[in-house]
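**Student:** Structure below; questions to follow.
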Amino acid sequence: MNEFDDFIQTQKDEMTALLKDLVEIPSVMGETSDGEPFGKDCFAALELITDAAEKLGFRTFIRDGYYAVADCVPEGCDDIKLGILCHLDVVPAGDGWSYEPFKCTEKDGKLYGRGTMDDKGPAVSALYAVYAVKQNAVRLKHGVRLIFGTNEENGSADLEYYSTHDTMPPLVFTPDAEYPVINGEKGMVRTTYTSDFPKGEIVSIHGGQVINAVPSAACAVIKGLSKEAVIGCSEKLDNSCLYAIDEDNGTVKIECHGKSAHASLPDSGINAITGLLELLCSLPLDDFTQQEVLKKILRIYPHGKTNGEALGAKMQDSHGALTSVLSLIHTENGKIVFSTDTRFPLSSTKEEIFDKFSRAIMDSGIEITGYIGSQPHYTDENSELIKALLSVYELRTGKKSRPITIGGGTYVHEIDGGVAFGAERSGTDYHIHGADEFIPIDELLDNAAMFAQAILEICG
Ligand SMILES: [Zn+2]
């Protein structure tokens with residue numbers, strides 16, 4: 001404990017109130033309109049945080065609706081040395097919640113709601129960390145800039161905009177991942193595939209909500225079979241999925257439920273799309289043509305397998321293994337379209353992965369119709385920023401630590417020399433991108449004190 005912990009304790013009510021207000025804004029990416037590039041709710045979140053930051057005495061602005069900035073600069077100094085980067089957009093709620101996803105519910109010392117941990121809670125901690133430093137009359141030699149973005153979950157176009165409109169401080173950390181410090185991030189490839197899918201007894205297939213999560217739900221409409229026949233087939237499957245099967249206007253509607261998880265940690269999820277395809281492939285349909293297409297998809301994305309082996313892309317280095325998830329699917333106009341999210345280790349490149357995927361679907365009738373990728377990110381572990389953050393972490397936790405590599409691209413993936421610092425602690429599953437996401441209140445406070453000490457270490 002230090003002076004920051006004591007001060008942060010006195011701010012507990014204000015911090016939880018601000019987080020509750022932020023969670024109540026369902027800041028999932030929405031329709032672009034004038035001055036609101038990521039939709040009205042993302043913009044509302046920017047207005048809320050700038051109001052709060054102004055009340056705490058910071059200089060703020062919102063840049064064209066893309067992101068908000070709050071600066072804390074010592075008098076007579078315009079040198080901003082440290083940036084802390086958080087995001088206020090969230091992924092959709094998804095299924096399976098025990099609480100209202102867009103109401104912040106307090107229970108047993110935890111705050112439940114979408115964004116409490118990713119990344120609205122850490123954003124509140126960062127704001128109050130700077131406030132704690134300011135209020136404790138600590139003389140800083142250099143300024144701190146808080147940057148609140150609103151497009152982290154959908155490609156970080158906010159930071160691309162930042163790179164051409166504002167100057168990034170030389171040292172940047174983002175509390176949008178985990179402790180101790182993440183200096184290595186796997187590369188990522190997102191691929192969309194298309195295949196012919198002729199008309200037949202399978203009328204439609206839809207599954208998944210976002211590309212960067214294991215899908216928790218998928219559904220299909222079929223004709224020509226009774227509800228009982230479909231239920232009979234579903235009972236023969238043993239794949240951890242739950243099926244809801246119902247008659248609907250002369251057709252049978254099949255819903256498949258799995259478990260969502262972040263695409264970088266797919267083993268903790270259950271893929272509802274591949275679970276649905278398994279059932280569709282097992283049905284006694286008259287014409288096999290459609291099932292042949294689905295079997296080809298299952299051949300490269302077998303249910304329950306996420307290591308890319310079936311794509312010929314299985315690999316592992318000292319920084320981790322490749323993972324690949326089929327996360328979105330739909331049928332339209334005689335085609336079936338599906339998208340996948342792959343994270344690959346530091347020793348490979350996006351070009352190499354693309355080559356492997358292309359080879360895996362050769363002559364299958366499936367084509368790659370969309371592709372984006374990013375190379376792995378690495379910051380030297382001897383950098384000033386990493387040394388400072390690790391020393392603060394070790395001092396507060398008593399744990400001797402080294403920087404780590406993860407599969408999720410963090411918010412600093414495209415920022416040279418950037419690292420992630422918190423706010424998840426290993427051993428806890430905060431259900432990020434899943435149902436019942438939460439942050440413990442004592443961690444909300446502890447993170448603020450941790451960041452305050454880091455600011456002092458770097459800018460003091
Ligand atoms: Zn995040």
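The values are calculated or read from the model by the stated rules, or taken from the named source; none is laboratory data. These numbers were taken from a predicted model, which means no experiment stands behind them. Positions of Cβ are generated from backbone atoms using ideal geometry, with glycine treated the same way; all protein chains shown enter the neighbour counts.
**Student:** Taking the stated definitions as given, is residue 8 in contact with a Leu (Cβ under 6 Å, 6 or more places away or on another chain), of a type in the set (A, V, I, L, M, F, W, C) and without any contact (Cβ under 8 Å) to a residue 60 or more places away in the chain?
**Tutor:** Here the answer is no, as residue 8 does not meet what is asked.
**Student:** Please find, among 296, 253, the residue that is assigned by TED's automatic domain parsing to the domain that holds residue 200, surrounded by fewer than 20 Cβ atoms within 10 Å (Cβ to Cβ), outside any loop (DSSP other than H, G, I, E, B) and in contact with a Cys (Cβ under 8 Å, 6 or more places away or on another chain).
**Tutor:** 253
**Student:** Same structure, new question: Quick one: residue 147 ticks every box in (1) surrounded by fewer than 23 Cβ atoms within 10 Å (Cβ to Cβ); (2) out of contact with any Ser or Thr (no Cβ under 7 Å at 6 or more places or on another chain) bar one, so which box is it?
**Tutor:** Status for residue 147: all satisfied but (1).
**Student:** Something else about it: How many residues does region 343-370 hold that are surrounded by 15 or more Cβ atoms within 10 Å (Cβ to Cβ) and in a strand (DSSP E or B)?
**Tutor:** 3
**Student:** Just name the residue that is surrounded by the fewest Cβ atoms within 10 Å (Cβ to Cβ) out of those in region 175-191 that are within 16 Å of the ligand (Cβ to nearest atom) and either β-branched (Val, Ile, Thr) or farther than 15 Å from residue 122 by Cβ (or both).
**Tutor:** Once the filter is applied, the top-ranked residue is 188.
**Student:** With in the same structural domain as residue 223 (by TED's automatic domain parsing), of a type outside the set (Lys, Arg) and within 19 Å of residue 194 (Cα to Cα) as the only criterion, which of 363, 317, 286 stands out?
**Tutor:** Within the list 363, 317, 286, the selection yields 363.
**Student:** Here is a follow-up. Going by what's in this entry, would residue 394 be described as of a type in the set (Asp, Glu), in a helix (DSSP H, G or I) and either within 19 Å of the chain's Cα centre (by Cα) or more than 15 Å from the ligand (Cβ to nearest atom) (or both)?
**Tutor:** yes
**Student:** Which residues, taken from region 134-161, are out of contact with any strand residue (DSSP E or B) (no Cβ under 6 Å at 6 or more places or on another chain), modelled with pLDDT of 95 or more and away from the ligand (no atom under 16 Å from the Cβ)?
**Tutor:** Matches in region 134-161: 160, 161.
**Student:** Same structure, new question: Can you tell me which residue is surrounded by the fewest Cβ atoms within 10 Å (Cβ to Cβ) among those in region 201-241 that are touching a Pro at 6+ places or on another chain (Cβ under 7 Å) and under 15 Å from residue 277 (Cβ atoms)?
**Tutor:** 208
**Student:** Filter region 3-46 down to the residues that are part of a helix (DSSP H, G or I) and among the polar types (S, T, N, Q), then identify the one that is nearest to the chain's Cα centre (by Cα).
**Tutor:** The extreme case among them is 16.
**Student:** Anything in region 323-355 that is more than 30 Å from residue 199 (Cβ to Cβ), of a type outside the set (S, T, N, Q) and either touching a Leu at 6+ places or on another chain (Cβ under 6 Å) or in contact (Cβ under 8 Å) with a residue 60 or more places away in the chain (or both)? List them, or say none.
**Tutor:** Matches in region 323-355: 343, 344, 345, 346, 350, 353, 354.
**Student:** Does region 171-218 hold any residues that are closer than 28 Å to residue 362 by Cα, of a type outside the set (Gly, Ala, Ser) and over 18 Å from the mean Cα position of the chain (by Cα), and which are they?
**Tutor:** Hits for region 171-218 are 192, 193, 194, 196, 197, 198, 199, 201, 202, 203, 205, 206.
**Student:** Next up: Looking for whichever is more than 16 Å from the ligand (Cβ to nearest atom) and either under 30 Å from residue 195 (Cβ atoms) or assigned to a loop (DSSP other than H, G, I, E, B) (or both) here; the options are 429, 442, 416. Which one fits?
**Tutor:** Just a single option satisfies the conditions, and that option is 416.
**Student:** Only one of 381, 394 is out of contact with any Asp or Glu (no Cβ under 9 Å at 6 or more places or on another chain), surrounded by 13 or more Cβ atoms within 10 Å (Cβ to Cβ) and at pLDDT below 95. Can you tell me which?
**Tutor:** Just one listed residue meets the conditions, 381.
**Student:** What are the pairs, 6+ residues apart or on separate chains, where a residue within region 13-33 that is in contact (Cβ under 8 Å) with a residue 24 or more places away in the chain has its Cβ under 7 Å from a residue that is aromatic (Phe, Trp, Tyr) and outside any helix (DSSP H, G or I)?
**Tutor:** Within 7 Å, the pairs are 23/102; 24/102; 26/102; 29/38.
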